[in-house]
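Before any comments, here is the structure.
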Amino acid sequence: MKKYLFGITGFIILFAADRITKVLALGLKGTDGIPVIKDVFRLFYLENHGAAFGVLKDQRFLLLLVAFIILIAVIAAFIRIPFTKRYIPMDIILVLLLSGAAGNMYDRIKDGYVTDFLYFELIDFPVFNVADCYVVIAAFAAVFYIMFYYNDNDLEIFRLKKVEENE
């Protein structure tokens, strides 16, 4: 029960933070944005009708379907993981993924686009949002933990089917 309370609480906090920042970003609409660090980083309102870097523009149904599948897979993975000290990093990674995917999915359902507002103008990086940060942080953390922390036996919990000993 503690595991689910941890996951639900983390999700609510992260999802709320994403929603609050996107609502605040609406104040930037129709402006040139607000420079945070001159010529480096700016708060800038953008309506993204695609996925990362604007790919799959105006493919709302496909993007919602992919997000829904990801949400189901992440929830299933979260349920399968034992609530032990060893797996706490993976629980956090999955809560970050779930929060990021749900935050952007909510935007697509409600508005038909995702609100982006963080812009690194120094390198002209595509405008992004807090939910995107969650997904990227989770992805990097997952790669790190899978490469350097978890072993093959630890990751057996994610197998859909048991592998025979004789194989």
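Values in this text are rule-based calculations from the coordinates and carry no lab data. Note that the structure is predicted; figures quoted are calculated from it, not measured. Quick reminder, even Gly has a Cβ in these numbers, built from the backbone with ideal geometry, and neighbours come from all protein chains shown.
For the reader, a short list of remarks on this structure follows.
- Charges were assigned to the Cβ only: +1 to each Lys and Arg, -1 to each Asp and Glu. The resulting dipole of segment 32-133 about its Cα centre is roughly 580 debye.
- Most mobile of 142, 76, 102 in a GNM of the chain (Cα contacts under 10 Å): 76
- Along the axis of the charge dipole computed for the chain (Cβ charges of +1 for Lys and Arg, -1 for Asp and Glu, origin at the Cα centre), the listed residues 79, 149, 48 are led at the positive end by 79.
- At R0 = 35 Å, FRET efficiency that the Cβ-Cβ distance of residue 124 and residue 76 yields, to 0.05: 0.40
- In nm, spacing of pseudo-spin labels at residue 61 and residue 158 (7 Å Cα→C-beta vector): 3.1
- For the chain, taking Cα atoms only, Rg and Dmax work out to 18.1, 65 Å respectively.
- Folded to 0 to 90 degrees: helix 60-80 orientation relative to the chain principal axis, Cα: 40
- The value of relative contact order for the chain, using C-alpha pairs under 8 Å at least six residues apart, is 27 percent.
- Helical content alone sets the calculated 222 nm signal of the chain at -18500 deg cm²/dmol, taking -39,500 (n - 2.57) per DSSP H segment of four or more residues and averaging over every residue.
- Exceeding the 31 Å Cα-Cα cut-off - candidates 3/161; 22/85; 3/29; 57/161: 22/85; 3/29; 57/161
- The residues neighbouring residue 114, those whose beta-carbon lies less than 11 Å from its own, together hold a net charge of -2 under the Lys/Arg +1, Asp/Glu -1 convention.
- Segment 85-146 and segment 1-33 have their alpha-carbon centroids 11 Å apart.
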